[in-house]
Amino acid sequence: MPPARYLMASAGHRPEKSEKTVHLRIDPNDESTTLEDVLAKISEIQRKHPDREVFFDGDEYAICSRPKRTKAAAVH
């Protein structure tokens, strides 16, 4: 089954341009990186960018962020 973004596009909806920013890529083969390291880096990025939603992107194996959506934007 194709990813949802393709299903949405074929249904007449235009996928929104991603405003995702990659802050830190993590080497999945580096066994010295701990979950505590990743969570500390996420907290640091959240403090530096309070206007952004910070998250771990498992597909890219990276800590990323995107602009926080306002309640009005989330409804539409």
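Filtered by the rule that a residue be open to solvent by less than 60 Å² (accessible area, probe 1.4 Å) and under 15 Å from residue 61 (Cβ atoms), segment 17-29 gives 22, 26.
Among the residues of segment 1-47, the ones that are under 19 Å from the mean Cα position of the chain (by Cα), at pLDDT 95 or above and polar (S, T, N, Q) come to 3 in all.
Within segment 37-55, residues that are under 15 Å from residue 22 (Cα atoms) and in a strand (DSSP E or B) reach partners that are modelled with pLDDT of 95 or more and charged (D, E, K, R) with beta carbons closer than 6 Å, at six or more positions or on different chains, in the pairs 53/66. Are any residues in segment 56-71 open to solvent by 100 Å² or more (accessible area, probe 1.4 Å) and closer than 13 Å to residue 21 by Cα, and if so, which ones? If the condition is that a residue be open to solvent by 100 Å² or more (accessible area, probe 1.4 Å) and closer than 13 Å to residue 21 by Cα, then 68 is the only one that fits. Scanning segment 57-66 for residues that are more than 15 Å from residue 37 (Cα to Cα) and either more than 10 Å from the chain's Cα centre (by Cα) or not in a strand (DSSP E or B) (or both) yields 58, 59, 60.
The values are calculated or read from the model by the stated rules, or taken from the named source; none is laboratory data. Here the structure is a predicted model, which means the values were calculated and not measured. Here the Cβ is made from the backbone with ideal geometry for all residues, glycine too, and neighbour counts use every protein chain on show. To get the accessible areas, we keep the full protein, side chains included, count just its heavy atoms, and leave off ligands, DNA and RNA. Shrake-Rupley method; radii C 1.70, N 1.55, O 1.52, S 1.80 Å.
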